[in-house]
Each structure stands twice: as structure tokens, then as C-alpha cells.
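Every read-out reported here was derived from the displayed coordinates using simple, explicitly stated rules and does not represent laboratory data. Since the model is a prediction, treat every value here as computed from it, not as a measurement. Every residue, glycine as well, gets a Cβ built from its backbone with ideal geometry; the counts of neighbours run over all protein chains shown.
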Amino acid sequence: MILLVKSGGEETVPRWRAEFLAADPRLDVRWWDDPSVRPGEVRYVVVWDPEPGRLAALPNLRVVFSSAAGVDNILRDPDWPAHLPLVRMGGEEQAQRMAEFVTWACLGLLRGARLMAANQEASRWKQFAARHTAGERRVGILGLGNLGRAAAAMLRGVSFPVAGWSRSRKVVEGVESFAGAGELDAFLARTDILVCLLPATPETAGLIDAALLAKLPRGAQLVNVGRGGHLVEADLLAALDGGHLAGALLDVFPEEPLPDSSPFWWHPKVTVTPHVASLPSLGSRARFVAAAIAAHERGAPLPNLYDPARGY
């Protein structure tokens, strides 16, 4: 079975091939642009940003696997073959990495990591005490899917009080649940550190705007590890410069890599990270895809299947 890979560049193909060989030796892993592969031979693909029309040109394609948790780069293809199953990347390692990153981000905001980094760069020895402990800063997670639930559990482990908001009610042990548009304002009012883990849908585009940020308590902070399109960047800058928000950590942006001209690079209240929050290892991704292909071959349901009705 031929599996085409377009993730990480052609130089990563030997590593992909070695990891898939360990996971399922039946899979013949090839680079996306391998000239020796005939389109009709391809059964599966692992991709992040396929060029428009390419997937539709593979007549015997059975399943498309996104190499990341999101699928928006695939769906933006106007010729996307919508009849095909589309699987979002998953696995225990991805959830663990996201939980670690979100916990690190919240602790960094809590303890003033941005200021300490600036002081180090300036060779400036300046002691200061954090205003709060974790137990005094309420974290609110937008999105309680697999990644949100993993993050909530780890945050609770270091004493943050955690609440979650989602479109429909979720029951997560130790996490206060808010659901639907009618409960969003109450969720925001009790949130000191807002973590966005929402999927990219038409409903969530531009959700984090001036109106939403104003409903957070003064001195609140933001962690965006969802999608760059969730955030209205000018509104965040205004909230930071006006003093309503005390800080932000941003891992995702509408344009990536983040342009040199972006004010986020040098803003004293913003930490920029290069879309690395939950990027799992090649081995983890290969094992996830191989297991999903094996399930599909025996007629079992696919995991993390994209649902057009929900938009994720």
C-alpha cells in the first residue's frame, strides 16, 4: 500500500519511512512528489498543505490524514474531494505535549517569564515576587476536546482552578463546565487566564475580539494555542496597551511564519512561540496513522474523523 507523505520536507522521508516500517511494514512510504509513483497507486496520504487539486488527482485515495490536529490547510483546497474520510492527527503523545505546553504557558504568565527573559537579555538582575500562586489564578479553557481535557487535568495538578467552555456540555472531573453562547459571559467573568483550544470553524473565526476580551477580569492573560484566526490581533494589542490584559502567549497566527513586522515580536507583554504547542514526534504520528489504516482495512471506525457538520 503506497502512502504519500508531505510534512516536514523531503529530507524527513527516510525518518518517516523508518518509523512506518516499525509500525506497519506493509506500508510503502514515498515522498509527495516522487516521480516513480503513479497517481492510481496511492491509497493513503499524510499531508499538511497539499497544493490545490492534487488530492482530487489521486483516483484510488482512501483516507487523508492531516499531519497536525487541524485540517484547515487541507480544506482550503477548492477541489478537496469531500467524499473522502479526513482524519485529524491524534494519539496520547499529542495530548500530553499540549497539556505540558499549556501548563508551562500558564505558569510562565503566572511567574513573569517574559520579564525574566527580557532582564536576562539586558544583563539586568532584578528580583520581583509573583503577585499570585496558581491556586489564586482561575484558568478557563475554550474547547474541551481531547487536548482541552488533557490540559485541564495537568493544570489542576499544579493547583490552578479550571473551568471549560464548549458548544455542548462536557463533564470533566474537577472542571467547572460552561456550555453554549448563553454561558460564555459567565465563563469569561471567572477566568484570569484564558486558554483557547478551539477548532477552526466559521463560528470561531475572530471570536477573541475586543468585546470578548473586555468581559475578562482586569489583569487577565491569554494563551492562544488554537488557531491564529480565532484572535483579532489589533484588539489584543489594544487590550494589552490599555492595561486591561496583563500578558499573552501566542503560539498560532493567521500568517506563519510570523512576519518580521509584527509588533508581537517586541511587545513587552507578549511571548511568541512558533506553532510548537503539541507537535508530536514522527514516531508517534506514524504509529497513529498506521493503527488507523489497519482499522480502516478491517472495516473498523476511523479515529479523529473530521465532521463537516461540526466543522472539525
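Centre-to-centre separation between the Cα atoms of segment 64-99 and those of segment 128-163: 26 Å.
For the chain, adding -39500 (n - 2.57) for each run of n ≥ 4 DSSP H residues and dividing by the number of residues yields -8500 deg cm²/dmol at 222 nm. Overall shape of the chain was characterised from the C-alpha gyration tensor. The equivalent ellipsoid obtained from it has semi-axes of 37, 21, 19 Å, in decreasing order. When Rg and the Kirkwood Rh are both derived from Cα coordinates, the Rg/Rh ratio for segment 94-272 amounts to 0.95.
Distance distribution note for segment 1-76: the fraction of Cα pairs above 17 angstrom is 41%.
Kindly provide the chymotrypsin sites (Phe, Trp or Tyr not before Pro) of segment 220-268 that DSSP labels as loop, not H, G, I, E or B, and whose Cβ sees at most 16 other Cβ atoms within 10 Å. Kindly include the intermediate steps, with their values, before the conclusion.
Values: sites: Phe264, Trp265, Trp266; in loops: Trp266.
Loop-located and lightly packed - Trp266.
Per-residue Karplus couplings for segment 125-141, computed as 6.51 cos²θ - 1.76 cosθ + 1.60 with θ equal to phi - 60°, are listed in order as 8, 9, 7, 8, 9, 5, 6, 9, 9, 4, x, 9, 10, 8, 8, x, 9 Hz, Gly and Pro entered as x. Look at the alpha carbon pairs under 8 Å that are at least 6 residues apart: their mean separation over the length of the chain gives a relative contact order of 17 percent. Relative contact order of segment 94-272: 18 percent, from C-alpha pairs under 8 Å at least 6 residues apart in sequence.
Remark: segment 173-184, residue by residue, has Karplus-estimated 3J(HN,Hα) of 4, x, 10, 5, 9, 10, 9, x, 4, x, 10, 5 Hz, where x stands for each Gly or Pro and the curve is 6.51 cos²θ - 1.76 cosθ + 1.60 at θ = phi - 60°.
Reported to the nearest whole Å, the Cα centre-to-centre distance from segment 238-303 to segment 12-63 is 24.
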